[in-house]
Amino acid sequence: MTDRRRINGPAGATIPPIFDDQESQEPKYSKGRSRAPNASRKMYLKTGVTPSASGSAYLEIETSATPDVSGLKLSCSVHGPRSLPRSAPFSPHIVLSTHVKYAPFATKQRRGYLRDPSERDLSIHLETALRGAIIADRWPKSGVDIIISIIEGDQDREASKLQGDEVWDMMNALSGCITVAAAALADAGIDCVDTIAGGVAALVQDAGDDSTPSIVIDPLPSDHEKVLAACCIAYMPTRDEVTNLWFRGDLPASDMDLYTTLVEKGIQASKNANRVLVNCLSETLE
């Protein structure tokens with residue numbers, strides 16, 4: 001149902017027009033990854049940004065070197081644990097509720113005020129990842145709400161239109177959601193078995209038809225000619241456990257070594273994000 005009291009913005013892109021006297025031609029983008037295949041982008045993580053919430057955190061990932069490519073910006077707030085309403089059935093463990101929502105201006109295609117299927121998928125994957133880390137038995141008959149706002153998406157606003165597919169940006173968004181939610185849970189004082197962080201690895205192909213596909217961590221679609229497949233992993237380093245694994249893309253079913261390598265690279269990316277998470281929590285204690 002449309003909110004008649006709200007003045008909605010344009011449904012399409014909001015990029016200002018650029019006037020050029022030269023003949024119109026297809027825009028050319030400088031492809032190329034400036035980082036090493038095993039290097040992740042720099043992260044900024046801070047807790048306690050929302051005083052009214054039980055716990056909160058803010059995550060920002062370094063912007064790509066390509067012009068007009070935005071960096072990922074996430075804000076997470078945790079409300080609870082609090083007692084369930086009397087009408088709710090008895091639960092011997094904590095009831096976890098996750099809510100992931102893009103800001104209307106976060107991506108090239110303007111988002112609506114109601115959640116779409118992609119945002120619901122992110123919420124389901126986030127809930128699965130966090131459920132394996134929280135010690136749910138310590139909070140019976142209680143509930144906790146985890147609300148994440150994606151302030152700015154991690155995408156090239158022009159290349160996404162040319163590629164016609166923005167599913168690869170969801171992988172980086174999910175890994176960031178897992179990391180920032182773990183920081184917010186720690187800030188709220190909710191007991192967990194271990195710190196958990198998200199990481200992404202992808203099988204990419206650079207410019208040239210004869211180029212050999214390679215596996216990189218923390219990929220950006222704007223840095224590569226084509227992304228063939230990707231996986232997002234939620235990993236707990238101390239317990240050496242994976243709580244969520246999300247594959248997307250086309251991979252040959254017979255090549256099991258390729259699947260294994262992707263998972264190993266995803267775990268390596270999760271460890272890099274976990275170092276940032278541990279340093280942030282250590283600074284909070286000091």
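The values are calculated or read from the model by the stated rules, or taken from the named source; none is laboratory data. The model shown is predicted, which means the values in this text are computed figures rather than measured ones. Quick reminder, even Gly has a Cβ in these numbers, built from the backbone with ideal geometry, and neighbours come from all protein chains shown. To get the accessible areas, we keep the full protein, side chains included, count just its heavy atoms, and leave off ligands, DNA and RNA. Shrake-Rupley method; radii C 1.70, N 1.55, O 1.52, S 1.80 Å.
Yes or no, residue by residue, for (1) modelled with pLDDT of 95 or more; (2) open to solvent by 70 Å² or more (accessible area, probe 1.4 Å); (3) part of a loop (DSSP other than H, G, I, E, B):
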site	(1), (2), (3)
SER222	no, no, no
LEU228	no, no, no
CYS232	no, no, no
ARG239	no, yes, yes
TRP246	no, no, no
ALA253	no, yes, yes
ASP257	no, yes, no
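Looking across the range 187-205, the residues that are more than 13 Å from the chain's Cα centre (by Cα) and within 16 Å of MET43 (Cβ to Cβ) come down to THR195, ILE196. Collect the residues in the range 89-111 that are open to solvent by 30 Å² or more (accessible area, probe 1.4 Å) and over 19 Å from the mean Cα position of the chain (by Cα), keeping them in residue-number order. Scanning the range 89-111 gives PRO89, PHE90, PRO92, HIS93, VAL95. Screening the range 112-127 for residues that are within 14 Å of the chain's Cα centre (by Cα) and hydroxyl-bearing (Ser, Thr, Tyr) and picking the one that is most open to solvent (accessible area, probe 1.4 Å) gives SER118. In this structure, does VAL216 turn out to be under 21 Å from GLU62 (Cβ atoms), assigned to a helix (DSSP H, G or I) and β-branched (Val, Ile, Thr)? In short, no. Checking GLY132, GLY48 one by one, the residue that is on the phi > 0 side of the Ramachandran plot and either open to solvent by 10 Å² or more (accessible area, probe 1.4 Å) or not basic (Lys, Arg) (or both) is GLY48 and no other. Filtering the range 207-255 to residues that are more than 25 Å from MET43 (Cα to Cα) and of a type in the set (Asp, Glu) leaves ASP209, ASP210, ASP250, ASP255. Listed by first and then second residue, the pairs with beta-carbon distance under 9 Å, at least 6 apart or on different chains, first residue in the range 209-228 and farther than 18 Å from ARG35 by Cβ, second modelled with pLDDT of 80 or more and small (Gly, Ala, Ser), are LEU228/ALA202; LEU228/GLY249.
For the range 107-129, a residue qualifies if it is more than 15 Å from ALA173 (Cα to Cα), touching a residue at least 40 places away in the same chain (Cβ under 8 Å) and not charged (D, E, K, R), and the qualifying residues are GLN109, TYR113, THR128.
Considering only residues in the range 142-173 that are part of a helix (DSSP H, G or I) and within 13 Å of ARG248 (Cα to Cα), the one that is modelled with the lowest pLDDT turns out to be VAL167.
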